[in-house]
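S.K.: Got a structure for you, written out below as structure tokens; questions coming shortly.
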Amino acid sequence: MSTIYILWLRQIKRFSRSGIRILMGFVQPLVYMLALGYGLNSVFQQSGKGSYIQFIVPGIIVQTIMFTSMFWGANIIWDKQFGFLKETLVAPVSRMKIMLGSALGGATISLIQGIILFGISIVLGFRPYNWAYVPLAIVFMGMLSLAIVGFSAGIGAVVNDMQAFVAVNNFLLIPLFFLSSALFPLDNVPQVMKIIAYVNPISYAVDAIRFTLIHQTHFGLPTDFAVLCATLVVLMSFGSYRFKQIQA
């Protein structure tokens with residue numbers, strides 16, 4: 001446990017010392033929230049869907065968690081380049097503990113940023129349907145954080161070049177986000193987009209957080225929870241397997 005804690009603490013300290021990274025992590029989500037939330041709010045209300053600001057906040061929280069969690073894979077590339085990872089891998093501890101400690105640190109960071117963004121959204125006018133469900137929303141946010149961190153660990157273990165990592169990051173995350181239910185309801189979208197959203201695990205994360213925050217759901221909470229659990233297991237298994245293949 002001491003190994004896991006030390007590696008977790010290392011990630012937290014690195015994050016806390018990077019003020020510009022903390023600040024920039026909120027720029028894009030806030031642009032989406034303000035530009036789309038307020039810009040399309042009247043159109044959304046006229047269609048009888050209620051407040052678009054209320055609708056979009058869970059999706060923007062998911063976006064923040066996704067991009068922050070995926071960034072953790074870049075730490076593996078940096079540690080490879082500067083030799084820290086090699087020194088860690090030759091230590092007399094299991095690679096599973098090394099990966100788990102760092103992954104928990106990355107997931108904690110993305111969860112913190114998601115919670116902070118939730119607080120900012122409250123200031124901007126967002127109101128949860130029932131505050132009693134907010135802890136459950138945080139649980140779902142934590143599951144998503146750990147799942148994406150596991151995936152980013154697998155990508156970071158395979159890729160050795162930062163430019164390639166960023167390209168893979170953009171190639172995967174942007175379509176997953178925009179083709180989920182984060183920015184639009186799935187009721188009246190074209191069938192092809194509905195099918196894509198149905199097979200996109202991010203849609204279920206958004207739906208679970210949306211239900212706990214504004215009491216709206218498309219798939220149902222049990223389905224959301226089952227898909228999130230399966231996604232977490234698959235992506236963490238992928239990350240663990242690829243991390244074990246890294247040559248010291």
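S.K.: Just the residues that are in a helix (DSSP H, G or I) and over 30 Å from Ile77 (Cβ atoms), please, taken from region 160-195.
M.R.: Within region 160-195, Gln191, Val192, Met193, Lys194, Ile195 meet the criteria.
S.K.: Just a yes or no: is a residue in region 52-62 modelled with pLDDT of 75 or more and within 30 Å of Lys244 (Cβ to Cβ)?
M.R.: Yes, region 52-62 contains a residue that is modelled with pLDDT of 75 or more and within 30 Å of Lys244 (Cβ to Cβ).
Here is a yes/no grid of residues against (1) in contact with a strand residue (DSSP E or B) (Cβ under 9 Å, 6 or more places away or on another chain); (2) open to solvent by 70 Å² or more (accessible area, probe 1.4 Å); (3) small (Gly, Ala, Ser):
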site: Phe171; (1), (2), (3): no, yes, no
site: Ser180; (1), (2), (3): no, no, yes
site: Pro185; (1), (2), (3): no, no, no
site: Ala197; (1), (2), (3): no, no, yes
site: Tyr204; (1), (2), (3): no, no, no
site: Thr212; (1), (2), (3): no, no, no
site: Gln216; (1), (2), (3): no, yes, no
site: Met236; (1), (2), (3): no, no, no
site: Gln245; (1), (2), (3): no, yes, no
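S.K.: Okay, next question. Can you find even one residue in region 13-24 that is surrounded by 16 or more Cβ atoms within 10 Å (Cβ to Cβ), within 25 Å of Gly154 (Cβ to Cβ) and modelled with pLDDT of 70 or more?
M.R.: The answer is yes, given that some residue of region 13-24 is surrounded by 16 or more Cβ atoms within 10 Å (Cβ to Cβ), within 25 Å of Gly154 (Cβ to Cβ) and modelled with pLDDT of 70 or more.
S.K.: Tell me yes or no: at least one residue of region 86-105 is modelled with pLDDT of 85 or more, farther than 22 Å from Ala230 by Cα and not in a helix (DSSP H, G or I).
M.R.: No: region 86-105 contains no residue that is modelled with pLDDT of 85 or more, farther than 22 Å from Ala230 by Cα and not in a helix (DSSP H, G or I).
S.K.: For Ser240, all conditions in the list (1) under 23 Å from Val189 (Cα atoms); (2) in contact (Cβ under 8 Å) with a residue 60 or more places away in the chain hold save one; what is the number of the exception?
M.R.: Result: Ser240 fails condition (1) only.
The values are calculated or read from the model by the stated rules, or taken from the named source; none is laboratory data. Just so you know, these numbers come straight off a predicted model, no measurement behind them. No Cβ is skipped: glycine too gets one built from the backbone with ideal geometry, and neighbour counts run over all protein chains shown. What goes into the accessible areas is simple: the full protein's heavy atoms, side chains included, and nothing from ligands, DNA or RNA. Shrake-Rupley method; radii C 1.70, N 1.55, O 1.52, S 1.80 Å.
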